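*Asks:* One structure coming up, written as structure tokens, with questions to follow.
The values are calculated or read from the model by the stated rules, or taken from the named source; none is laboratory data. Note that the structure is predicted; figures quoted are calculated from it, not measured. These area figures cover heavy atoms from the full protein model, side chains too; ligands, DNA and RNA do not enter into them. Shrake-Rupley method; radii C 1.70, N 1.55, O 1.52, S 1.80 Å.
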Amino acid sequence: MLRVLFGLAMASFMAHCTSDKTAEKQGDKARPDYIIVIHGGAGTLSRQAMTADKEARYRAALDSALQIGESILRSGGTALDAVTETVAWLEDCPLFNAGRGAVFTHEGRNELDASIMDGRTHSAGAVGGVTIVKNPIRLARAVMEKSPHVFLVGPGAERFAIENGLDTVSPSWFFTQERWDALQKVLQKSDKTGDVSSDLADYKFGTVGAVALDRQGNLAAATSTGGMTNKRWNRLGDSPVIGAGTYASNDACAVSCTGHGEYFIRYAVAHDVWARMVYGGASLQEAAHAVIMKKLVEKGGEGGLIAVDKSGAIAMPFNTEGMYRGYARPGERKTAIFADE
Ligand code: ASP
């Protein structure tokens, strides 16, 4: 009996936290010509705390980002180009915690992380802790395409950016007053242990990501972030870690995560979704939900993910109050923020 009640409670919780059932059922139908799914971070986003103006700005930004990716996919462009350009646009948008608008480290710097993966070739690129590269996602892509490596960090990654002609900026380019004020608030409260997890109550995740399926049936995923407010000691989260924050493989799915990165690294979240599908025979929805709504909930890891599978089905589960998100496919473009949409 208890088990039945628990099951019912869990089912209703999952239904509440899962967005857009209609979109997620797409897998039953024929594969759409293309589809792109994006996120702008998950976290404590309640309707009460959100002003109408702020909500409108976020929705407009998500919609613009989707249009960028969709126009590439509609005209036959690759999933890789769609996720690169969409994430680059979100990096330039100060509303999100990536590129301009990134959160600040304990020392008051912006250290940026990003990664990208091509589901067709399994090639991948990632960068961590860069401070002068305007679009870290373009640098991650350059690492993938122009270096023999997967993961570059810090000054070396920046040298590689300059050598490859990527746009660089003064670190002040990334400054926003809102993120600066958020750091000051956390510093005032901080017990000076440097434990970012102690600040989670104030933390609003804002990482950005995109996953796409193109007309050729190829999948790609990209993720970019400023990390977590008050991070120290060159901390890296999951976003630049292939298999944790980002994963793509044409045989199953493409995944981009957002949330408390330490948990996403420990449980190899993006790769776990893929593994449950390929080794366990789970559907995309089953795999994504099991990881975010069950495993991470049990372990105490807050966050969410977006994913698309090779048949064009999508999943956008999150175990936080909200997640900025949206998708576009032929004839349909939708954005959402809260859990009940
Ligand atoms: N996952 C990111 C990190 O831990 C944060 C986020 O998603 O907002 O660095």
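*Asks:* With each run of n ≥ 4 DSSP H residues scored as -39500 (n - 2.57), what mean residue ellipticity at 222 nm is computed for the chain after dividing by its residue count and rounding to the nearest 500 deg cm²/dmol?
*Replies:* Details: 11 runs with 117 residues, N = 341.
It comes out at -10500 deg cm²/dmol, rounded to the nearest 500.
*Asks:* Measure off, as a whole percent, the carbon and sulfur share of the 1.4 Å-probe accessible area of the chain, all protein chains present.
*Replies:* 54 percent
*Asks:* Here's something else I'd like to know. Can you list the residues, at least 5 places off or on another chain, whose amide H is less than 5 Å from the amide H of residue 120, using H built in the peptide plane?
*Replies:* Those lying under 5 Å, H to H, from residue 120 are 219, 250.
*Asks:* Assign one of three labels to segment 21-139, namely rounded, prolate or oblate, based on the Cα gyration tensor with a ≥ b ≥ c the square roots of its eigenvalues; rounded applies when a/c is under 1.5, prolate when it is not and a/b is larger than b/c, and oblate otherwise. Don't jump to the answer; show the numbers that get you there.
*Replies:* Numbers: a/c = 2.04, a/b = 1.19, b/c = 1.71.
The shape class here is oblate.
*Asks:* Normalized C-alpha radius of gyration of the chain, against 2.2 N^0.38 Å?
*Replies:* Dividing the Cα radius of gyration by 2.2 N^0.38 Å gives 0.91.
*Asks:* Using only the C-alpha atoms of segment 224-292, find the volume of their convex hull and express it per residue in Å³.
*Replies:* Each residue corresponds to 76 Å³ of Cα convex hull volume.
*Asks:* How many Å² of accessible area per residue for the chain, probe 1.4 Å?
*Replies:* Averaged over the residues of the chain, the accessible area is 39 Å².
*Asks:* Residue by residue, what Karplus-based ³J(HN,Hα) values in Hz, rounded to whole numbers, does segment 275-283 have, using 6.51, -1.76 and 1.60 with θ = phi - 60° and x for Gly and Pro?
*Replies:* Once rounded to whole Hz, the list reads 5, 4, 6, 7, 8, x, x, 6, 6.
*Asks:* Now for a separate question. Taking H as built 1.01 Å from N, whose amide H comes closer than 5 Å to the amide H of residue 282, not counting residues under 5 places away?
*Replies:* 277
*Asks:* Most mobile of 327, 247, 267 per a Gaussian network model of the chain (Cα springs, under 10 Å)?
*Replies:* Among 327, 247, 267, the largest GNM mean-square fluctuation belongs to 267.
*Asks:* Then there is this: Quick one: 3J(HN,Hα) in Hz for segment 215-221, Karplus 6.51/-1.76/1.60 with θ = phi - 60°, rounded, Gly and Pro as x.
*Replies:* 4, 7, x, 8, 10, 8, 9
*Asks:* Which ³J(HN,Hα) values, rounded to whole Hz and listed in residue order, are derived for segment 289-296 from phi using the Karplus coefficients 6.51, -1.76 and 1.60 in 6.51 cos²θ - 1.76 cosθ + 1.60 with θ = phi - 60°, glycine and proline given as x?
*Replies:* With the stated coefficients, segment 289-296 comes to 6, 4, 6, 7, 8, 10, 4, 5 Hz.
*Asks:* Based on alpha-carbon centroids, what's the gap between segment 36-80 and segment 303-335 in Å, whole number please?
*Replies:* Using only Cα atoms to place each centre, the spacing works out to 10 Å.
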